[in-house]
Amino acid sequence: MKRRTWLRTGLGALLGVPALPWGLAGCSAPRDPVQVALNAWVGYGLLHLAAELDYLSEGVARLQEFPSNTASMMALVERRVPAAALTLDELLQVREGGVDARAILVFDESHGADVVMAHPSVVTLAHLRGKRIGVETTALGALMLSRLLAAAGLSAADVVKVPVTADHHVGAYAEREVDVVITFEPMASQLRAQGAHALLDSRKLPGLIVDVLAVRADAMPDQVAEWRHLLQGYFRAFGHWRDQPEVAARLMAPHQQLSAEQVLQAFAGIAMADLAGNRAWLAGENARLYQSAKLVGRVMHESRLLDRMPDLDALCEPRFLPEAA
């Protein structure tokens with residue numbers, strides 16, 4: 001499973017790329033389907049399930065698989081797609097770069113899937129001082145590290161940060177290159193098999209790691225029916241997954257590059273947002289996503305992942321949510 005990744009370098013250059021049209025020009029041409037970029041993260045899997053169950057019409061909405069969120073984000077910035085499945089921190093970075101992208105759907109909130117795994121010698125947070133902490137050089141990694149240090153009452157100077165990509169988390173721990181790894185499933189389970197234990201997980205960090213469907217504002221006015229069709233299909237698939245999880249897992253497994261059993265296990269670490277949950281996340285002045293964005297934005301600004309506190313105006317766009325699933 002490939003977790004979401006972000007390469008901060010290059011976004012500025014991408015913003016200089018000339019705008020490309022969403023579809024073919026010509027008033028007589030048939031309307032192109034809306035394109036959604038996503039990767040194999042399990043939290044996005046219900047979109048694939050909707051397609052498998054024919055809840056999405058290919059003539060209206062089409063999914064495009066990319067190897068990572070970085071690639072999806074680049075496609076969004078370059079205007080090759082009007083929508084992309086991203087983490088909230090990535091959406092804030094896109095918006096700081098000058099792209100007016102808005103969340104029309106909240107997929108999930110990490111609820112244990114992101115975890116700090118430690119060697120048995122690191123018994124408590126107090127034992128982190130002087131330890132080597134393996135972490136991806138991503139916004140998500142920086143957010144987790146920042147919260148870990150805050151919980152331990154330490155500064156960045158009190159530990160040794162070791163950049164380690166996700167595919168090397170298990171190997172780096174096995175070779176004792178690191179004492180602690182900021183990671184996620186299925187690597188977390190593999191590390192447990194080697195004797196590591198969970199020191200902190202995202203259940204203690206509510207609102208920090210949230211997955212959203214981001215849509216460019218300029219792709220919204222003329223495609224209202226398409227976005228509504230997409231979300232209606234998504235929530236129909238949500239109901240199927242809720243009522244028949246084993247069947248749904250088998251259909252999603254090839255897209256998630258996991259076995260059906262692993263898909264079910266992966267879902268245990270995230271809290272999926274249903275239709276009512278999405279209204280709470282996206283609608284109203286006190287929308288949950290605004291509150292999370294304030295927290296995430298502050299952490300990112302303090303970590304120098306954002307040059308300034310984010311502008312949250314029109315961050316949420318709930319108008320495409322269906323009346324009923």
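The values are calculated or read from the model by the stated rules, or taken from the named source; none is laboratory data. In this text the structure is predicted, and so the values were computed from the model without any measurement. Virtual Cβ from ideal backbone geometry, glycine too; neighbours counted across all protein chains shown. In case anyone asks, the SASA skips ligands and DNA or RNA and just uses the protein heavy atoms, side chains included. Shrake-Rupley method; radii C 1.70, N 1.55, O 1.52, S 1.80 Å.
Ligands, DNA and RNA left out, the 1.4 Å accessible surface of the chain is 52% carbon and sulfur atoms.
Assign one of three labels to segment 198-322, namely rounded, prolate or oblate, based on the Cα gyration tensor with a ≥ b ≥ c the square roots of its eigenvalues; rounded applies when a/c is under 1.5, prolate when it is not and a/b is larger than b/c, and oblate otherwise. Note, shape of segment 198-322 comes out oblate. Karplus-derived 3J(HN,Hα) values for segment 212-224, using 6.51 cos²θ - 1.76 cosθ + 1.60 with θ = phi - 60°, are 9, 9, 9, 10, 5, 4, 6, 9, 8, x, 8, 10, 4 Hz; glycine and proline are entered as x. Shown in residue order for segment 165-182 are the 3J(HN,Hα) couplings computed by the Karplus curve 6.51 cos²θ - 1.76 cosθ + 1.60 at θ = phi - 60°: 6, 4, 6, 10, 4, 5, x, 5, 5, 4, 8, 6, 6, 9, 9, 9, 10, 8 Hz (x for Gly and Pro).
As an equivalent ellipsoid, segment 250-325 spans semi-axes of 29, 21, 10 angstrom, where each value is the square root of five times an eigenvalue of the C-alpha gyration tensor, largest first. Report relative contact order for the chain in percent, whole number only (criteria: Cα-Cα under 8 Å, sequence separation at least 6). Here the relative contact order equals 26 percent. For segment 310-322, putting each phi into the Karplus relation 6.51 cos²θ - 1.76 cosθ + 1.60 with θ = phi - 60° gives couplings of x, 7, 9, 4, 6, 5, 9, 9, x, 5, 8, 5, x Hz, in residue order, rounded to whole numbers and with x for Gly and Pro.
Sorting Lys161, Lys131, Lys204 by solvent-accessible area of protein heavy atoms yields Lys204, Lys161, Lys131, largest first, with a 1.4 Å probe.
Based on C-alpha pairs under 8 angstrom that are at least 6 apart in sequence, segment 71-202 has a relative contact order of 34 percent. With each run of n ≥ 4 DSSP H residues scored as -39500 (n - 2.57), what mean residue ellipticity at 222 nm is computed for the chain after dividing by its residue count and rounding to the nearest 500 deg cm²/dmol? Calculated at 222 nm, the ellipticity per residue is -11000 deg cm²/dmol. Proximity of backbone amide H atoms, modeled 1.01 Å from N, is registered between Phe66 and Leu38, Asn39 at under 5 Å, excluding neighbours fewer than 5 places apart on the same chain. In this view, the solvent-accessible surface of Glu261, computed with a 1.4 Å probe and all protein chains in place, comes to about 120 Å². Would you please classify the overall shape of segment 72-216 from the alpha carbon gyration tensor, given that a ≥ b ≥ c denote the square roots of the eigenvalues, rounded means a/c under 1.5, and beyond that prolate means a/b larger than b/c while oblate covers the rest? Here segment 72-216 falls in the prolate category. Amide H contacts for Ala61 (H built 1.01 Å from N in the peptide plane; partners 5 or more residues away or on another chain; cut-off under 5 Å): Val34. Could you point to the residue in His240, Ala214, Ala260 farthest towards the positive end of segment 167-325's charge dipole, with +1 and -1 charges on the Cβ of Lys/Arg and Asp/Glu respectively? In segment 167-325, that residue is His240. Mean-square fluctuations from a GNM of the chain, with a 10 angstrom spring cutoff on Cα atoms, peak among Asp313, Asp201, Asp179 at Asp313.
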